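Participant: Let me give you the structure first, and then I'll get to my questions.
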Protein chains: 2
Amino acid sequence: MENNFVVKGDICYSSSRNTIETFKDSYLVVKNNICEGVYEVLPSEFKDFTLYDYTNKLVMPGMIDLHIHAPQYSYRGNGMDLELLDWLDRYTFKEEAKYKDDKYALDYYTVFANRMKKSATTRVSIFGTRHKNASLILMDLMEKTGLISYVGKLNMDRDCPDYLRETTLESKTETINWILESKNRNYKNTKPIVTPRFIPSVTDEMLFELKNIVKDYKTAVQSHLSENPSEIEYVKELTPYAKFYGDAYDRFNLLGRVHEDNTLVPTIMAHCVYSNEEEIKLLKDNQVFVAHCPSSNLNVASGIAPIKKYLDLGLNIGLGSDVAGGETESIFKQIVDAIKSSKMYYRYVDSNYKGLTFEEGFYLATLSGGKFFGKCGSFMKGYDADIVVIDDNGYTNPNEFSIINRLEKAVYFNLDENHLIAKFVHGNKII
Amino acid sequence: MENNFVVKGDICYSSSRNTIETFKDSYLVVKNNICEGVYEVLPSEFKDFTLYDYTNKLVMPGMIDLHIHAPQYSYRGNGMDLELLDWLDRYTFKEEAKYKDDKYALDYYTVFANRMKKSATTRVSIFGTRHKNASLILMDLMEKTGLISYVGKLNMDRDCPDYLRETTLESKTETINWILESKNRNYKNTKPIVTPRFIPSVTDEMLFELKNIVKDYKTAVQSHLSENPSEIEYVKELTPYAKFYGDAYDRFNLLGRVHEDNTLVPTIMAHCVYSNEEEIKLLKDNQVFVAHCPSSNLNVASGIAPIKKYLDLGLNIGLGSDVAGGETESIFKQIVDAIKSSKMYYRYVDSNYKGLTFEEGFYLATLSGGKFFGKCGSFMKGYDADIVVIDDNGYTNPNEFSIINRLEKAVYFNLDENHLIAKFVHGNKII
């Protein structure tokens, strides 16, 4: 639908890594679903546009979540004192197996989709389970939310419990059928994304099949990379031919580039906590998006990714909630944990490394991560109108605060959880 | 008031460092404000007690906050990307100076006290400012909340902006007058606590005066200790006679023990991130309470206190929100950040160090910190009836979860912020 409208309020958005633009009591004009401009006085040519009046409320771009596991939503916030591989065994695999049952998938994914709709997130890249039907159910539900999302049916043909493992052939066939069926459903906002769970879960044969699938169906790709020291050691054993973890994906064109014709494939790699210099260079050259998931990296004791360094090097980076390694879908919380953990990197790993600023945290959550989806995550002219409105009344005390201070408070107090009062995705009002 | 009553619900409490007791749909009996026992079936002798029915809700002990700065509440969640000493200069001192004005103090402390009342905290030790009147206003307001609290007028006779500094004589006189006036007000639940801000802010002369004040008026003591590397370096310069930071307090009987007669003084030292072996031994010998403030230690880039080690050594420890170094008064959030940061200690400082378990985090927040106030922070027989009730309905999904899993979720989702539906302090219902 082509929407023209105006949103009035206290407006803020990133225009670069170091700059958050703020406009007190101003007008954001949206023309054909695209940001036209922000004005302190509404120009007369837009007087006929529908006006949404959120005076005194914070108006900001929607959050971008580059990494979340939908089937893990039910047990988020549990087992948070375990380490990655223990936690997968104790919680994850058992729960994911239940999505073989379509009814279970519908019930649980409904809870997930409802919550995503109410969150401040407007665009998201999602891991499902290895089940084709459940993944289609999830796509149906996400389409209904109005969010723009990528959804991945997982590939898992090794090294997981028998009850969850696919054969390589089965995984290939199901993946192709899933892509075809999802295309038949003519979603407007929901796309399939090829999703090998991580190297331990997929054989070389599977990676080879996925290489062809990505080429044939022109899909994006997402997976996990260099998350945890014990995982990385294990990947070394599994792929003796690879120079480093990311190289194992890259040999099968699954790290952002089809080597045969040198074209790029939109790709997200979650974590990259321990990427070495070669891996970092490859991520940059192939324009891969790093999904930085700080809550998860703290919770499952993975470590701290040197995000400031990645920003300096010009890598593509966004934030990921990584539910249920992360305890919540709140991207505000990821901003906070990104800043907090960057300070421990400074303190314990590299005293020349400066912690992330608030401006950088907000940039990662919006404009920077948004690049994966196109022009979104900002209100600069020409950007998609993804807008959320937060009511921070009651959190400002007797003081008058600047918009930037109010924004920082809103983020640190997690007001995305209960204080979101309006939400637009690509110019469509969904809340 | 002598209160006899019964609270029904899903009950949980720490009985030791490693054990959270849980009772589904059970009865907590309170007799004369003291916990009598928890029963699955209500014994007939208590049938006449008032019954508060919180079926399906989580019933747990109140949280203990061993360290919070009331005047910093207004700017909590701001400047969170600075380091300690910068942050003090940029935000703290300017704001604290305003409490010279009684009207300002009344307005802002009212906001603070109201929020503390609504929080899950039942007992708290508070830093005010250096102003006597403002500190008494804060005590009046805290008394009205029904919480049990210690409140400290700060001593600051050096190394802070002129507009905030007291002379040593003024600081001494004002401290004595403040203690006397607070005693005249006959508070039931509110006590003065001697509060040298930290070594940089107090001269040796001042410490000597405080030594006498503590002896003469039999007060408790609170301060900061070994928080941040640059602070510690600075303290070394200021106190060349001291063997280590804590020794500077100890020489003036301000670290838990009156050396002349070997009696103990109830004492809280916030942070202790970098305490050396000698300092740790002294903290233990003198039974000082370490207020572990993990959010603050992350926010102002201080570091990670080795709390698991302190627990192993048998130190007294509780949690502190340390608003506004910490962004919120939520002690649930401190549990989460304590666990998260302990994992980074494991990852980056000592691979033999295990991260804190959830049981340990909850224990720190309740039973362990509660020891500072006497027998509280648990529902074991004989403990003070400090009770909070959290409605976690809507956070459990279609699944049935155990009480322990629900408790972990409630803590990780910060449900103390908006889902507290009842609160008792020493058997008195205040919400």
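Participant: Say whether the condition of being within 14 Å of chain B (Cβ to nearest Cβ) and open to solvent by 10 Å² or more (accessible area, probe 1.4 Å) is met by at least one residue in the range A:115-132.
Facilitator: Yes.
Participant: Check every one of the helices (runs of 4 or more DSSP H) wholly within the range A:34-122 and list those with 1 or more residues that are within 17 Å of A:Ile148 (Cα to Cα) and touching a helix residue (DSSP H, G or I) at 6+ places or on another chain (Cβ under 6 Å). Working first, answer last.
Facilitator: Values: elements: A:84-87, A:93-97, A:102-118.
It comes to A:102-118.
Participant: Go through the range B:280-327 and give me each residue that's within 14 Å of another protein chain (Cβ to nearest Cβ) and either within 14 Å of B:Ile126 (Cα to Cα) or among the acidic types (Asp, Glu) (or both).
Facilitator: Selection gives B:Cys293, B:Ser321, B:Asp322, B:Val323, B:Ala324, B:Gly325, B:Gly326, B:Glu327.
Participant: Show the residue pairs meeting these rules: Cβ distance below 9 Å; 6+ apart or different chains; first residue within the range B:276-299 and open to solvent by 60 Å² or more (accessible area, probe 1.4 Å); second residue assigned to a helix (DSSP H, G or I).
Facilitator: Going by the 9 Å Cβ cut-off, the qualifying pairs are B:Asn276/B:Tyr245; B:Asn276/B:Gly246; B:Glu278/B:Gly246; B:Glu278/B:Asp247; B:Lys281/B:Leu313; B:Lys284/B:Tyr310; B:Lys284/B:Leu313.
Participant: I would also like to ask the following. For the subset of the range B:75-113 comprising residues that are closer than 19 Å to A:Thr357 by Cβ and more than 13 Å from chain A (Cβ to nearest Cβ), which member is most open to solvent (accessible area, probe 1.4 Å)?
Facilitator: Step one: filter the range B:75-113 for residues closer than 19 Å to A:Thr357 by Cβ, giving B:75-91.
Subset that is more than 13 Å from chain A (Cβ to nearest Cβ): B:85, B:88-89.
Working: B:Leu85: 63, B:Leu88: 15, B:Asp89: 97 Å².
The residue in question is B:Asp89.
Participant: Checking the structure you have, find out if any residue of the range A:343-357 is over 22 Å from B:Val111 (Cβ atoms), in contact (Cβ under 8 Å) with a residue 40 or more places away in the chain, surrounded by fewer than 18 Cβ atoms within 10 Å (Cβ to Cβ) and among the aliphatic types (A, V, I, L, M).
Facilitator: yes
Participant: Taking the range A:144-184, which residues are over 27 Å from A:Ala120 (Cβ atoms), among the basic types (Lys, Arg) and either in contact (Cβ under 8 Å) with a residue 40 or more places away in the chain or open to solvent by less than 10 Å² (accessible area, probe 1.4 Å) (or both)?
Facilitator: Within the range A:144-184, A:Arg158, A:Lys172 meet the criteria.
Participant: Something else now. Looking at (1) open to solvent by 10 Å² or more (accessible area, probe 1.4 Å); (2) modelled with pLDDT of 95 or more; (3) within 25 Å of A:Arg115 (Cβ to Cβ); (4) more than 13 Å from every other protein chain (Cβ to nearest Cβ), find the lone condition where A:Lys333 falls short.
Facilitator: Unmet condition: (4).
Participant: Here's something else I'd like to know. For the range B:1-60, give me each residue that is open to solvent by 40 Å² or more (accessible area, probe 1.4 Å) and of a type in the set (S, T, N, Q).
Facilitator: Across the range B:1-60, the qualifying residues are B:Asn4, B:Ser16, B:Asn18, B:Thr19, B:Thr22, B:Asn32, B:Ser44, B:Thr50, B:Thr55, B:Asn56.
Participant: As an exercise: evaluate A:Ser230 against (1) over 26 Å from A:Asn177 (Cα atoms); (2) in contact (Cβ under 8 Å) with a residue 40 or more places away in the chain; (3) crowded, with 17+ Cβ neighbours inside 10 Å and give the number of the one condition it does not meet.
Facilitator: Of everything listed in (1) over 26 Å from A:Asn177 (Cα atoms); (2) in contact (Cβ under 8 Å) with a residue 40 or more places away in the chain; (3) crowded, with 17+ Cβ neighbours inside 10 Å, A:Ser230 misses just condition (3).
Participant: May I pose another question? Of the numbered conditions (1) more than 13 Å from chain A (Cβ to nearest Cβ); (2) surrounded by fewer than 24 Cβ atoms within 10 Å (Cβ to Cβ); (3) hydrophobic (A, V, I, L, M, F, W, C), B:Ala365 satisfies every one except a single condition; which is it?
Facilitator: With respect to (1) more than 13 Å from chain A (Cβ to nearest Cβ); (2) surrounded by fewer than 24 Cβ atoms within 10 Å (Cβ to Cβ); (3) hydrophobic (A, V, I, L, M, F, W, C), B:Ala365 is out only on (2).
Participant: Follow-up. Could you please find all residues in the range B:365-402 being touching a Cys at 6+ places or on another chain (Cβ under 9 Å) and under 24 Å from A:Thr110 (Cα atoms)?
Facilitator: Correct list: empty.
Participant: Please determine whether any residue of the range A:368-389 is more than 14 Å from chain B (Cβ to nearest Cβ), open to solvent by less than 10 Å² (accessible area, probe 1.4 Å) and farther than 27 Å from A:Leu51 by Cβ.
Facilitator: Yes, that holds for at least one residue.
The values are calculated or read from the model by the stated rules, or taken from the named source; none is laboratory data. Note that the structure is a prediction, hence the values are computed from the model and not measured. Positions of Cβ are generated from backbone atoms using ideal geometry, with glycine treated the same way; all protein chains shown enter the neighbour counts. Heads up: the accessible areas ignore ligands, DNA and RNA and are worked out on the full protein's heavy atoms, side chains in. Shrake-Rupley method; radii C 1.70, N 1.55, O 1.52, S 1.80 Å.
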